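Quick notes on the structure that follows.
The values are calculated or read from the model by the stated rules, or taken from the named source; none is laboratory data. Because the structure is a prediction, the values reported are computed rather than measured. Glycine also receives a Cβ, built like all others from the backbone with ideal geometry; neighbour counts cover every protein chain displayed.
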Amino acid sequence: MNLFLLKKLKTKDLTLGLSFLFFMLISFSSTAQDGKALFKQNCAACHKPLKDGTGPALQGAKAKWEAAGDDIYAWVNNPQAQYDAGVESALAIQYQPGGMAGIGVSKEEIDAILKYVDEYTAPLPPVTAINTTANPGTEQNNSWLMWLIIGGILAMLIVALWGVRKQLYYAVKEKEEGKEVEEEESFGSEVKSWMGRNLKLVSVLGFVITGTLVYYGAEELYKVGLVPEGYNPEQPIAFSHKIHAGANEIDCQYCHNSVSKSKSAGIPTVNVCMNCHKAIGEATSGEKGTAEIAKIHKAAGWDPDKRQYTGKTEPIRWVKVHNMPDHVYFNHSQHVTVGEIECENCHGDVKTYTTGKISGTETINNLELEGKKLVKLSRPLLTMGWCIECHATADVSTKGNKYYDEIHDRLKKDKELYKSVMEDGKVKVKEFGGWECSKCHY
Ligand code: HEC
Ligand code: HEC
Ligand code: HEC
Ligand code: HEC
Ligand code: HEC
Ligand code: HEC
């Protein structure tokens, strides 16, 4: 057989096979899809796959009816007729008899629905799924590796060039002196003599290499503790600020209730979640959201079916996103209550977030929030430069703020100081000690 023909046949076969597979996939996924849609449309008002509702849980119903030799299709379309005929499976139900009216669905549609119901599994992942892959340190390691490789290549180049130079040197000598020259010099002494002859080049090279090392070394050290913008670790529950603080307009302080009174803002306990989620067990967003709410119930030890606490609780291990080093003192109430700084000025537009994340200076500068004044800054968030810059930029509103009365009185006694501070009619945090090391450092 001609080789070309063989090839052609093979591709044709392949195309055929592939389109068949494709067709199978499409038809399979469409029945699965239809089953879900049909179930939602016709049955979900009363039935759930796994739990009893107005009607009984439907998983396994088909197998049960078939095992008894009864006609489940006839049942779905006319339950009353099945009761009247004394069909065994119908009489066995004893579940609010007469509750189900006949529903006009075809045999294929019922098959699709029951297939979906039988294949349904409740999505219930473990509560403590903490992500360990979001490690902000990996990028730095990569940059070191890159420098190592570049250094290695450079070293190889230098050695290779050295060899070429040496060959040329002997070739020239041979030509000049007309005889073969012995390679008497050792590598070490040759390097020394070469360096002696090229003192300028050596010192420039040395300066450049040392300078580069110091620069990048310092750069790496500077990055220690610098938190990457956009850091958004995976949380044990897919909580959404957008749904709670955004769509449902729940006040930040309902959950972060110590933010205006104490140093830390606080993360809500599971009891705070349960204030609402005892009643809200299902998410309109679908099964995924409902499964996330089920994690709250599990953590609180709440049995949503029996509507009572079991006493078996589990802690929710939220991953801390913003984290100051131990040597720094930061106080929320000082900024939120006394300083009247908006949450958004330091955390970005949280109402649009899912889980908590670290915002960026640029992002915050670009925010347009109705009725809120934000201080524009340039330094990366959570660095010392950021704190310092704001303390030199933000105007402190001293009017009607009792906290400042005392400072004000003290300033009045010192005319010189009063003049210097009030020169521009505005007070900056820096001017009453916001730049003192001990204010921020333990
Ligand atoms: C208006 C509420 C309602 C709707 C809608 C409804 N059902 Fe029912 N279903 C019931 C009730 C209630 C029962 C228990 C028997 C009774 O009271 O009639 C039941 C019983 C059943 C049973 C028997 C279960 C068993 O364990 O033997 C099957 C099967 C069933 N329904 C399938 C369906 C399908 C499929 C749909 C959608 C096409 C559907 N039902 C829509 C209320 C409903
Ligand atoms: C001046 C900047 C600033 C303002 C304004 C601010 N925060 Fe913070 N926030 C921070 C810093 C810095 C941290 C990290 C604190 C730490 O690790 O000790 C933080 C941490 C948090 C945390 C984590 C838990 C904690 O207490 O460490 C939450 C929650 C939080 N802030 C919520 C809020 C809310 C809500 C508001 C507004 C009512 C707000 N923040 C206003 C800077 C600010
Ligand atoms: C003041 C009431 C209230 C509190 C408190 C509350 N929630 Fe909610 N939660 C809601 C509402 C309303 C919805 C939207 C329900 C819906 O989908 O219709 C919701 C939905 C959810 C969802 C599903 C989101 C989705 O993807 O659809 C999760 C998960 C959730 N909340 C987690 C929490 C956690 C965790 C807490 C505690 C830290 C909490 N909630 C506290 C009112 C609240
Ligand atoms: C229904 C409760 C709820 C409301 C309302 C809420 N939060 Fe949160 N917030 C949480 C939970 C739970 C976490 C911890 C999980 C996470 O990081 O997403 C969190 C995390 C945060 C964090 C990151 C904390 C960290 O670990 O560093 C910040 C910042 C924050 N919220 C700010 C806000 C602001 C600002 C608002 C108002 C616009 C707000 N939150 C409204 C529940 C809430
Ligand atoms: C967006 C502006 C802003 C940022 C960013 C900011 N601060 Fe402040 N800070 C203020 C204002 C305004 C006050 C004045 C409130 C007051 O009088 O206590 C203040 C006051 C303080 C004080 C009290 C100073 C005093 O003399 O009483 C401390 C301590 C402090 N901040 C620490 C920090 C630290 C630490 C950071 C960085 C992690 C930080 N601040 C970031 C605006 C800011
Ligand atoms: C307004 C608050 C504030 C003031 C005032 C302040 N610092 Fe800091 N400092 C910080 C913060 C916040 C950090 C942590 C930055 C980080 O983790 O990247 C820090 C970090 C440091 C570090 C460690 C550097 C590092 O990369 O971890 C040193 C050292 C330091 N500060 C010294 C000082 C000295 C000295 C002064 C007084 C001249 C001072 N600080 C004043 C807020 C402040």
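At a glance:
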{"quantity": "Unique match (being closer than 20 Å to I250 by Cβ, at pLDDT below 95 and basic (K, R)) among K372, K376, K402, K412", "calculated": "K372"}
{"quantity": "Helices (runs of 4 or more DSSP H) contained in the stretch 228-324 and holding at least 1 residues more than 9 Å from ligand 4 (Cβ to nearest atom)", "calculated": "270-277, 287-300"}
{"quantity": "Of all residues in the stretch 318-341 being surrounded by 14 or more Cβ atoms within 10 Å (Cβ to Cβ) and within 25 Å of the chain's Cα centre (by Cα), the one that is nearest to K48 (Cα to Cα)", "calculated": "W318"}
{"quantity": "K51 closer than 14 Å to V117 by Cα and modelled with pLDDT of 85 or more", "calculated": "no"}
{"quantity": "Count of residues meeting criterion [under 39 Å from the mean Cα position of the chain (by Cα), outside any loop (DSSP other than H, G, I, E, B) and loosely packed, with under 14 Cβ neighbours inside 10 Å] in the stretch 42-65", "calculated": "0"}
{"quantity": "Selection count, the stretch 355-381, where residues are in a loop (DSSP other than H, G, I, E, B) and more than 17 Å from the chain's Cα centre (by Cα)", "calculated": "16"}
{"quantity": "Candidates G301, G286, G281, G266, filtered to the one that is more than 10 Å from ligand 3 (Cβ to nearest atom) and more than 18 Å from H347 (Cα to Cα)", "calculated": "G301"}
{"quantity": "Number of the condition not met by G286 [criteria: (1) without any contact (Cβ under 8 Å) to a residue 24 or more places away in the chain; (2) surrounded by 15 or more Cβ atoms within 10 Å (Cβ to Cβ); (3) within 23 Å of the chain's Cα centre (by Cα)]", "calculated": "(2)"}
{"quantity": "Hey, C273 farther than 18 Å from I316 by Cα, of a type in the set (A, V, I, L, M, F, W, C) and touching a residue at least 24 places away in the same chain (Cβ under 8 Å) or not", "calculated": "no"}
{"quantity": "Single condition A218 does not satisfy, out of (1) free of Cβ contacts under 8 Å to residues at least 24 places away in the same chain; (2) in contact with a Cys (Cβ under 7 Å, 6 or more places away or on another chain)", "calculated": "(2)"}
{"quantity": "Matching residues in the stretch 340-385 - criterion: being more than 9 Å from ligand 5 (Cβ to nearest atom), aliphatic (A, V, I, L, M) and more than 24 Å from P233 (Cα to Cα)", "calculated": "L369"}
{"quantity": "Meets criteria (within 16 Å of ligand 5 (Cβ to nearest atom) and out of contact with any Gly (no Cβ under 6 Å at 6 or more places or on another chain)) for K261", "calculated": "yes"}
{"quantity": "Pick from the stretch 349-378, criterion in contact with a Leu (Cβ under 7 Å, 6 or more places away or on another chain) and within 11 Å of ligand 2 (Cβ to nearest atom), ranking: nearest to A394 (Cα to Cα)", "calculated": "L374"}
{"quantity": "Among (1) in contact with a helix residue (DSSP H, G or I) (Cβ under 7 Å, 6 or more places away or on another chain); (2) farther than 14 Å from C387 by Cα - the single one Y329 does not satisfy", "calculated": "(2)"}
{"quantity": "Positions within the stretch 66-79 being assigned to a helix (DSSP H, G or I) and surrounded by 14 or more Cβ atoms within 10 Å (Cβ to Cβ), in sequence order", "calculated": "I72, Y73, A74, W75, V76, N77, P79"}
